[in-house]
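One structure below.
The values are calculated or read from the model by the stated rules, or taken from the named source; none is laboratory data. Note that the structure is predicted; figures quoted are calculated from it, not measured. Here Cβ is always computed from backbone atoms with ideal geometry, including for glycine, and neighbour counts include all displayed protein chains. Heads up: the accessible areas ignore ligands, DNA and RNA and are worked out on the full protein's heavy atoms, side chains in. Shrake-Rupley method; radii C 1.70, N 1.55, O 1.52, S 1.80 Å.
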Amino acid sequence: MSVRLAMTWIGALALTVSCGGGDGGESDLTFPDAVQDSTSVDTSETGPVNGTPCDDEDPCTQGDEYADGVCAGAPYDCTTGSPFCITRSCDGEGGCVVLKVQAFFCFVDGACFAEDSANPSDGCALCDPAVDQDAWSPAPGVTECSDGDACTLDDHCDKGKCVGGQTKDCDDKNPCTEDTCDEGLGCVHENREGACEDGDLCTLADTCVEGVCEAGGEVPDCDDGNPCSVDTCVAATGCVNTVDAAVACNDENECTLETCDTQTGCGHEPMEGPCEDGDLCTLDDFCQAGVCETGAGVPDCTNDNECTDDFCSPLAGCIHANLPGECDDNESCTIDDVCLGGKCTGKKTGDCDVCEVVNTHANKVTVLQMGTSGHPGQGLDLDDDPLTCAPSTDCSGGIDNELGILAPFVNSGLADSVDQGHLTYITEFVDFDKEGAPFSLNFVASYLSDTNPFCDFQYAECAYVVFQDALDVDCNAIMAFDNATLDGTKLTAGGTNYTFGFQASLIGGAIMVISIANAQIEAKVQFTQGGSQIFSVQGFLGGAVDKAELLDTIGKLPDDVLPMDKEIVITMLDTLIVNDLDTDGDGTPDAASVAIRFDTIPANIVPGE
């Protein structure tokens, strides 16, 4: 209540007391309206009601309202926890406003970034305080980016934003998949079922199976009804009908002339002249009345070689089968001449000229093992027929290795002989050509040179001297493959008329020599750095072994070199070994297949001391 109002009421009270009259009559005094009508007093004069909103003019309070006549709000702080690069103040409503961003910084999305800092979510933008301290600015010189969508191509920067280019084409050209694109994964190909087209117009009713269009069991009917046309189907174009009487009417008789009439069909007119009756052991065959008649001539199959059996096979023609036994090589300095691989070879004596062989491009055989079965990785396809393999009870993939049953008897002794240096083969490469031209691959028995007697011959590159008996009187390697070729890293050599004398070490150190006919090599080579030489070889040497000759060789061995009675071994092998290779071309298997794995390391051939 104001002082003025209080004094007014006091004055009025005094007048009433002093002028009321003894008789109690009414006074004739009047008062101002404000004094006379107390109900018209502004209730605000009594003070604001608690909880009434107000403004305490302090920006760092919120929810301002009266309490006991005082306007006040709840305080809050905009300085504590503020990012380091900005200055903040209160907005009076419980929030904070940025007053200033420090020089050389940007404040974007509630975080501080130094000048030239890249936008972590978009490489097309960076912090450039000179342009804008409150937003990202385009990054100069940046054009390529990724918009994070695996379904767009050629993403690029545009005004500081990474934008996607054209949509990725997810068509995999596979009629058996549904092709879509997922932003996170990219192209997705889901298998579908149903009909399809495999691209081969010579198949019908193609069907999708697990995402692959498989050819149907039906084929188009390409018969055009013309007996003089050859009706075929080409995958790319479909049916092809070519008029060709010689093919359409071919009766596979070289003594007839094929004719054709579209109305009457094929005709076969007898012809005269030479022909081939299918027997390669006859000559001068001739046509008579449409039939090939056998001629009177016969081929001369003799080759004047006492180490071959010369005869004619109707299916293969002249055959020169290798013979074992004694012979005469017509060299005065050799003795004990024997046939080896169709060649008469004698043991050189001191009367023969000494051969000096030098070759720095050679390898030493460190592994020599018979294949243990007829499965891939244990031999070769020696008959070029993927449908045959041996031994029949343990083979697959066209691999021929009938003599794999001997592996348990010989592999342990072979390993010991090679590891101990008793059996040392050096492969030398003569006139080596990396581009596919033939060169000579020789296997020569050798011994460690006295120049490096302690060389670790199973692991190190050592020097070796070739045994004189490994060379003929002309100093050529007896076991030589002069047709070796390279196709990339694949090495092939040998074949028909090549022979390898394989020395198999048995229990107690006894040696069994197995003559391998039609010997061939398939291997993989590793080149030296720069590719100028062969660093190592890993592969197989395989061929045909005469079963009777093998059993005869075993019969001549000492009794104590086999793990059981020799006669039992011979009987068992005679039963188990089945000839699987046809070496003379008569259509009947006459030899057993064998495969020998070998590995090599670098070596050098030097002259003897």
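Regarding region 284-292, can at least one residue be identified that is open to solvent by 40 Å² or more (accessible area, probe 1.4 Å) and under 17 Å from D584 (Cβ atoms)? No - not one qualifying residue is present in region 284-292. The listed residues are L406, L491, and the only one of them that is closer than 28 Å to A592 by Cα, at pLDDT 90 or above, not in a loop (DSSP other than H, G, I, E, B) and not aromatic (F, W, Y) turns out to be L491. Within region 165-185, being surrounded by 16 or more Cβ atoms within 10 Å (Cβ to Cβ) and either assigned to a strand (DSSP E or B) or at pLDDT below 90 (or both) holds for T177, C181.
Within region 540-551, the set of residues being open to solvent by 10 Å² or more (accessible area, probe 1.4 Å) and within 21 Å of F432 (Cβ to Cβ) comprises F540 only.
A single entry from P83, P120 fulfils the requirement of being within 21 Å of A135 (Cβ to Cβ) and in contact (Cβ under 8 Å) with a residue 24 or more places away in the chain: P83. Kindly check whether there is at least one residue in region 211-229 that is among the charged types (D, E, K, R) and within 30 Å of C124 (Cα to Cα). The answer is no, given that none of the residues of region 211-229 is among the charged types (D, E, K, R) and within 30 Å of C124 (Cα to Cα).
The residue that is farthest from the chain's Cα centre (by Cα), counting only those in region 186-212 that are in a loop (DSSP other than H, G, I, E, B) and on the phi > 0 side of the Ramachandran plot, is A205. Within region 332-358, restricting attention to residues that are touching a helix residue (DSSP H, G or I) at 6+ places or on another chain (Cβ under 8 Å) and assigned to a loop (DSSP other than H, G, I, E, B), which residue is nearest to N476 (Cα to Cα)? Looking at residues that are touching a helix residue (DSSP H, G or I) at 6+ places or on another chain (Cβ under 8 Å) and assigned to a loop (DSSP other than H, G, I, E, B), I get C355. L557 fails exactly one of the following numbered conditions: (1) within 30 Å of E428 (Cβ to Cβ); (2) assigned to a loop (DSSP other than H, G, I, E, B); (3) open to solvent by less than 20 Å² (accessible area, probe 1.4 Å). What is the number of that condition? Only one criterion is unmet by L557, namely (1).
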